[in-house]
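Novice: The structure follows.
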Amino acid sequence: MTTYNIYCDESCHLEHDGEKAMTIGGVWCPENKKDEIFKRIREIKEEHKLSPKFEIKWNKVSPGQLSFYMDIINYFFDNSDLHFRVIVVPDKKELNHEQFHQTHDEFYYKLYFDMLKTIFEPSCEYNIFLDIKDTRGQKKVDKLHEVLCNSNYDFKCEMIKKVQQVRSHEVELVALADLLIGAISYLHREKVTSEAKLKLIERIKLRSGYNLTSSTLYRESKFNVFIWNGCYGK
């Protein structure tokens, strides 16, 4: 049985943070490939005269490090073991939680499940790692594990083995998830303040073959984008 690790992150997920779009996504790979992937990412850092501990982060994308981030994006697309999926809520003001008798937190967990359900295969096992930035991190981890297992009839946690909170700067693929999700978020929040970030987004568009503003096919396995339109189960 194949075990996969899914490394998740989110951007502008809070209800009243003043940002328009909300994104939740994850990078995944076979568990037995993670060490090889971590090693190669650190080698790319060293090739660019960066410390192996240099933190990959969307907010750190700048003209001076653009060539490094371009190489990281190219590595993602060139490595057949790496995959990405993201769900975008284009405008949080359109959310009507009262109509669907839910809180924003409940919507958050539904969205996380919808992001992950396309990845899951019943014949595989999964470890999920999250970079959660608010003070209720562990409670959210425990609740998400419960929701995911119950939704997949995995009451003994045999398919979804664990959901664990980690620090993005300590886990290379959580940092890669931050980078890809940050790019999608920046695009959908219609930001134009950084030429380096815009160039990186153009490289992602080129390598993925998608405009990143429309949903990809449901089973797209390399770079899967779903634009939430309010029409399902909320």
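Values quoted throughout were computed directly from the atomic coordinates according to the rules given, and no laboratory measurement underlies them. Note that the coordinates shown come from a computational prediction; the quantities given were computed from them, not determined experimentally. All Cβ positions, even for glycine, are placed from backbone atoms using ideal geometry, and neighbour counts span all protein chains on display.
Novice: Please work out the Cα convex hull volume for the stretch 162-234 and give it in Å³ per residue. Provide the component values of the computation, followed by the final result.
Specialist: Working: hull volume 11.1 nm³, N = 73.
That works out to 152 Å³ per residue.
Novice: What Kirkwood Rh does the stretch 17-65 have if only Cα atoms enter the pairwise 1/r average? Answer in Å.
Specialist: 13.5 Å
Novice: Another question about this same structure. Output wanted: per-residue J couplings in Hz (rounded whole) for the stretch 51-63, from phi through Karplus 6.51 cos²θ - 1.76 cosθ + 1.60, θ = phi - 60°, x for Gly and Pro.
Specialist: In residue order, the calculated couplings are 5, x, 8, 4, 8, 6, 7, 4, 5, 9, 5, 8, x Hz.
Novice: Under the Karplus relation 6.51 cos²θ - 1.76 cosθ + 1.60, θ = phi - 60°, what is the ordered set of whole-Hz ³J(HN,Hα) values for the stretch 220-225, x standing for Gly and Pro?
Specialist: My calculation for the stretch 220-225 gives 3, 9, 8, 9, 9, 10 Hz in order.
Novice: How big is the dipole moment of the stretch 170-234 about its Cα centre under a simple scheme where the beta carbon of each Lys and Arg is +1, that of each Asp and Glu is -1, and everything else is neutral? Debye, nearest 20, please. Don't skip to the answer; put the middle values down first.
Specialist: Values: 10 positive and 7 negative charges, 50 e Å.
With only Lys, Arg, Asp and Glu charged at Cβ, the dipole is about 240 debye.
Novice: Tell me which GluC sites (Glu not before Pro) from the stretch 1-80 have a DSSP coil assignment and no more than 16 other beta carbons within 10 Å of their own. Walk me through the numbers before you get to the answer.
Specialist: Values: sites: Glu10, Glu15, Glu19, Glu31, Glu36, Glu43, Glu46, Glu47, Glu55; in loops: Glu15, Glu19, Glu55.
Loop-located and lightly packed - Glu15, Glu19, Glu55.
Novice: While we're on this one: Order 111-124, 174-187 from most to least packed using the mean count of other Cβ atoms within 10 Å.
Specialist: Going by the mean number of other Cβ atoms within 10 Å, highest first, we get 174-187, 111-124.
Novice: Just add up the charged neighbours of Val192: K/R +1, D/E -1, any other residue whose Cβ is under 13 Å from the Cβ of Val192.
Specialist: So the surrounding residues net to +1.
Novice: Something else now. Summing Lys, Arg as +1 and Asp, Glu as -1, what charge do residues with Cβ under 12 Å from the Cβ of Ser214 carry, Ser214 excluded?
Specialist: Summing Lys/Arg as +1 and Asp/Glu as -1 gives 0.
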